[in-house]
Amino acid sequence: MPLPKAELHLHVEGTLEPELAFALAARNGVELPYADTEELRKAYAFDDLQSFLNLYYELMAVLRTEQDFEDLADAYLERAAAQGVRHAEIFFDPQAHLARGVAMGTVVEGLWRALGRSEEKHGVSTRLIMCFLRDESADSALETLEAAKPYLDRIVGVGLDSAEVGHPPAEFRAVYEAAAALGLRRVAHAGEEGPPEYITEALDVLGVERVDHGLRCMEDPALVERLVRERVPLTLCPLSNVRLRAVDTLADHPLAAMLDAGLLCTVNSDDPAYFGGYAGDNFHAVRDALGLSEEHMRRLARNSFAASFLEDDEERRAR
Ligand code: ADE
Ligand code: ZN
């Protein structure tokens, strides 16, 4: 019986397994530049975040209809449930779809067809978080928020993702202010490849409640102290960090040191189809590589619910 847990850092487009990518390509008449799933898997050798993002955006070409987004999310929820995930807060990247002529409604309604019956079908409650691409302009982010207005009953919050270095959080102040005024929760990727200052900016300028990754906070002891004091949750993604070379090996991952420092760490899968594992796989991998105790594992699971956007009564039911 896997440990019940919440997944708080998961890009739904990053759950596109090679088999589903080829099935959707065939259904939609999209030609992929790979002969088969085996050849595609061989392309999953990344040097850094950008080399992954190139493939991640390329494969999205197969996602065209509501049915595609439903099938994608449903396949993820089934796998997540099998690994003990009871609650999932799921990112999506609307700009990557709008740029290909796929409407916001197609994406949100398609995802919702899976999310709306996930509790009943998979025993997994869900929330949807819309991310802005930080390597697109601040105006584009504002336009994206505008396009999402008819669907805000389906969306709990906003996030910030894609290529980090050279795209500091402060550029997105206006769209985060607008999102807050609409009652949306706020998170942002910071300190994955970018410097600790980006984490501080995400907190001070964007008003985020949770930091996605936050790995590089460990370079700044004053920032660590602040994150501990303010109980800011960090959504760490250990297998992702190895595959994108943020750390050399899992044994070098600072998770154990971060827990010892008192940080509110959670363990998540990021883009599991690309990085070799879903939430439970990440839990097992860090336990084995870092020698974490059962008490550490229970703390990580508790943290995942505490850091979620579930209400207290929902949280108790999900645990
Ligand atoms: N988009 C999908 N996965 C991402 C990651 N790990 N960092 C930034 N943007 C992403
Ligand atoms: Zn991410």
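A short reminder: the numbers here are calculations on the coordinates, not readings from a lab. Just so it is clear, the structure is predicted and the values come from calculations on it, not from any experiment. Using ideal geometry, Cβ is built from the backbone for each residue, glycine included, and neighbour counts are taken over all protein chains shown.
Using per-residue counts of other Cβ atoms within 10 Å, averaged over each peptide, order 279-287, 222-230, 55-63 from highest down.
With the highest mean Cβ count within 10 Å placed first, the list reads 279-287, 55-63, 222-230.
Summarising the label geometry, the points placed 7 Å from Cα in the beta-carbon direction at A35 and A251 lie 3.7 nm from one another. Projected label points at A82 and K149, each 7 Å from Cα along the beta carbon direction, are separated by 4.3 nanometres. Computed over the stretch 191-319, relative contact order equals 20 percent, with contacts defined as Cα pairs under 8 Å that lie 6+ residues apart.
Rounded to 0.05, the FRET efficiency of the R100 and E311 pair, given R0 = 30 Å and the Cβ-Cβ distance, is 0.25.
The alpha carbon gyration tensor of the stretch 30-181 gives principal lengths a ≥ b ≥ c with a/c of 1.5 or higher and a/b no greater than b/c, which makes the shape oblate. Ellipticity at 222 nm from helices only: DSSP H runs of n ≥ 4 in the chain, each -39500 (n - 2.57), divided by the residue count, give -13500 deg cm²/dmol.
Computed packing ranks the peptides 170-178, 12-20 as 12-20, 170-178, most packed first, by mean other Cβ atoms within 10 Å. Once the Cα-Cα distance is subtracted from the 0.36 nm per residue extended length, the R231 to E177 segment shows a gain of 17.2 nm. Checking the a/c ratio against 1.5 first, then a/b against b/c, what shape does the Cα gyration tensor give for the chain? Judged from the Cα gyration tensor, the chain comes out rounded (a/c under 1.5). In percent, rounded to a whole number, the relative contact order of the chain is 21, using alpha-carbon pairs under 8 Å and six or more apart. The distance from the alpha carbon centre of the stretch 1-80 to that of the stretch 104-131 is 16 Å, rounded to a whole number.
With a Förster radius of 45 Å applied to the beta-carbon distance between M218 and K121, the computed FRET efficiency rounds to 0.70. Label-to-label distance, D48 versus D288, with points set 7 angstrom from Cα along the beta-carbon direction: 3.0 nm. Ranked by the mean number of other Cβ atoms within 10 Å of their residues, highest first, the peptides 147-153, 87-93, 192-198 come out as 87-93, 192-198, 147-153.
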